[in-house]
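Reviewing the structure listed below.
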Protein chains: 2
Amino acid sequence: MSIERIKNDKVFDGSVEVYRHPSKVNNCDMQFSVFRPQQEQYSSVPLLTWLSGLTCNEDTFMFKAGALKLASELGIMIVTPDTSPRGDNIPDDKDGAYDFGLGAGFYVNATQAPWQNNYNMYDYITKELPNIISSNFDADLSRHGIFGHSMGGHGALTIGLKNPDLYRSISAFAPICNPINCPWGKKALRNYLGDDQSKWNEYDATEIIAAGNYKSAQNIIRIDQGLDDEFYGRELCTDKFEQVCKDNELVIDIHRHPGHGHGYYFISTFIEDHLRHHAKLLCN
Amino acid sequence: MSIERIKNDKVFDGSVEVYRHPSKVNNCDMQFSVFRPQQEQYSSVPLLTWLSGLTCNEDTFMFKAGALKLASELGIMIVTPDTSPRGDNIPDDKDGAYDFGLGAGFYVNATQAPWQNNYNMYDYITKELPNIISSNFDADLSRHGIFGHSMGGHGALTIGLKNPDLYRSISAFAPICNPINCPWGKKALRNYLGDDQSKWNEYDATEIIAAGNYKSAQNIIRIDQGLDDEFYGRELCTDKFEQVCKDNELVIDIHRHPGHGHGYYFISTFIEDHLRHHAKLLCN
């Protein structure tokens, strides 16, 4: 599959490059950014996939997270895909709302019309994108972690929990932990997956743990949550996820931070802790 | 003068806050962001004023520069004003171009209609904004530095060179060093200041040095320039500025970086060097 580089910027000792490529699973052109550390010139490097939140795109993390200095030092590649299919022909929320449709793919494979031809972000993240990375860059996919923010934290948790053979480390900032029970999640899952709520559970981190449908190792999940996050109680349900992990004896590492909000100021404050969490599991 | 806080986010050990206030010199409401380190709770702190480039606003530096971790450690306040007056009633470039009018105040006091009632960014940066800061925050204005990027690098150099009593340290990323001789500068200066080019010289860093109209101390100016910057030759004229400083025996510190471009990936790579340059001159 052909990919086209459309931007290339040097940063620290590496580069951030943006690529466009035709996506088979989403039936449209997709774009992703990738941070390539200079260490890739000498040997294959560990890979982190970052999943962004609602309204973001492939640029957001690279511009705003403040991750690239330490990623450059650690020699970790980071790929940041877009948050949904894009294009004039891609169906969108009928009211153009920010929380569904464009910019809000929720990392699922849609089964319902008119979404199912394009909104297959689960397969894009777990299959198509890693294939593109391994074909075009010198990343070691046996040392692959996944992390994300908000909707992307939901993506990182669900995808990481369900694919322990693909991802050795998982982390999330302010993730949507129980989408079947929050307004954002209910709207997206009903539209993408239909009215049968039993179909929603496989995309819900709390339900995946509750049902025993995971094989994750202990101590590979880190979560950070700001306590002044306006979405903490209503949309994120971090406490419920922590409880279901305890009930199922899955050890995770949760940090709560007084005064911190939901956005990239919060992320940038703790991004180095997340990179070190992944490095501990990927760089040995 | 009343100011209104419209955003407040915790980041590292401090906060980024956005304020709106009526501006007398620009005859409109203006907004600025300010990073407040926790050290301000205990004593007055040094202040850095950051001037952004074309198209940017008060958020850009805070979101993208990656400066706040080290600023938090060093205990330096950073204020980032907007790049022009704003509002529905503010005159703009007749074609809506990015390089003049809104987002492109060029840090001058306009003398020509219809700009002169609103486009007085020189007075805003050197008088009105510092007064607001000293009235509302615990910043030590005897330890005040100025820095900026591109159009804002031009602002930092010209304002810093002309006001050695106000600013003890100066730095710039990819500054427009000789605006009277580049397309961006000629367009802006002709519109804001009129056809008499002798009026332009006071806003041109190279001309200020050439005319001896500065009293800067030695070794207080740092400049970084990417060598893959698309604007390097045509718009920035860094080499000419370096030469005029040599000719006038003003010692400055210029760093050129192969492979680096014009934007925030370049800035974020070297921002900590700039903060340490200012800290050396402001924090003792």
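Read-outs throughout are calculated quantities, based only on the coordinates presented, and are distinct from any laboratory measurement. Treat the numbers as computed from the prediction; the structure is a model and nothing was measured. Quick reminder, even Gly has a Cβ in these numbers, built from the backbone with ideal geometry, and neighbours come from all protein chains shown.
Could you list, in sequence order, the residues of the range A:121-145 that are among the basic types (K, R) and under 15 Å from A:Y107 (Cα atoms)? Within the range A:121-145, just A:K127 meets the criteria. Taking the condition of being more than 14 Å from chain B (Cβ to nearest Cβ) and closer than 22 Å to A:T83 by Cβ, how many residues in the range A:11-43 meet it? Selection size over the range A:11-43: 14.
Quick one: count up the residues across the range B:59-99 that are polar (S, T, N, Q) and within 12 Å of chain A (Cβ to nearest Cβ). Qualifying residue count, the range B:59-99: 2.
Could you tell me which residue of the range A:245-278 is surrounded by the fewest Cβ atoms within 10 Å (Cβ to Cβ), considering only residues that are more than 10 Å from every other protein chain (Cβ to nearest Cβ), touching a Gly at 6+ places or on another chain (Cβ under 9 Å) and of a type outside the set (K, R)? Checking each candidate, the answer is A:N248. The single condition among (1) buried (at least 19 other Cβ atoms within 10 Å of the Cβ); (2) within 30 Å of B:N117 (Cα to Cα); (3) not hydroxyl-bearing (S, T, Y) that B:Q197 does not satisfy is (1).
Residue by residue, here is whether (1) touching a helix residue (DSSP H, G or I) at 6+ places or on another chain (Cβ under 9 Å); (2) of a type in the set (G, A, S); (3) surrounded by fewer than 17 Cβ atoms within 10 Å (Cβ to Cβ) holds:
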| site | (1), (2), (3) |
| --- | --- |
| B:Q225 | yes, no, no |
| B:E230 | no, no, yes |
| B:G233 | yes, yes, yes |
| B:F241 | yes, no, no |
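For the range B:192-230, a tally of residues being free of Cβ contacts under 8 Å to residues at least 40 places away in the same chain and more than 14 Å from every other protein chain (Cβ to nearest Cβ) returns 13.
Residues checked against (1) buried (at least 24 other Cβ atoms within 10 Å of the Cβ); (2) more than 25 Å from B:C237 (Cβ to Cβ); (3) in contact (Cβ under 8 Å) with a residue 24 or more places away in the chain; (4) of a type in the set (A, V, I, L, M, F, W, C):
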{"site": "B:I133", "(1), (2), (3), (4)": "no, yes, yes, yes"}
{"site": "B:D138", "(1), (2), (3), (4)": "no, yes, yes, no"}
{"site": "B:F147", "(1), (2), (3), (4)": "yes, no, yes, yes"}
{"site": "B:M151", "(1), (2), (3), (4)": "yes, no, yes, yes"}
{"site": "B:G155", "(1), (2), (3), (4)": "yes, no, yes, no"}
{"site": "B:K162", "(1), (2), (3), (4)": "no, no, yes, no"}
{"site": "B:I176", "(1), (2), (3), (4)": "yes, no, yes, yes"}
{"site": "B:I180", "(1), (2), (3), (4)": "no, no, yes, yes"}
{"site": "B:P183", "(1), (2), (3), (4)": "no, no, yes, no"}
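Here is a yes/no grid of residues against (1) surrounded by fewer than 23 Cβ atoms within 10 Å (Cβ to Cβ); (2) farther than 25 Å from A:I176 by Cα; (3) touching a residue at least 40 places away in the same chain (Cβ under 8 Å):
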{"site": "A:N8", "(1), (2), (3)": "yes, yes, no"}
{"site": "A:V11", "(1), (2), (3)": "no, yes, yes"}
{"site": "A:S15", "(1), (2), (3)": "yes, yes, no"}
{"site": "A:V34", "(1), (2), (3)": "no, no, yes"}
{"site": "A:Y42", "(1), (2), (3)": "yes, yes, no"}
{"site": "A:N57", "(1), (2), (3)": "yes, no, yes"}
{"site": "A:S72", "(1), (2), (3)": "yes, yes, yes"}
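Within the range B:11-58, the set of residues being small (G, A, S), more than 19 Å from the chain's Cα centre (by Cα) and under 27 Å from A:D229 (Cα atoms) comprises B:G14, B:S15. Considering every residue within the range A:231-238, establish whether at least one is closer than 30 Å to B:S15 by Cα, away from chain B (no Cβ under 14 Å) and over 19 Å from the mean Cα position of the chain (by Cα). Yes; the residues of the range A:231-238 include at least one that is closer than 30 Å to B:S15 by Cα, away from chain B (no Cβ under 14 Å) and over 19 Å from the mean Cα position of the chain (by Cα).
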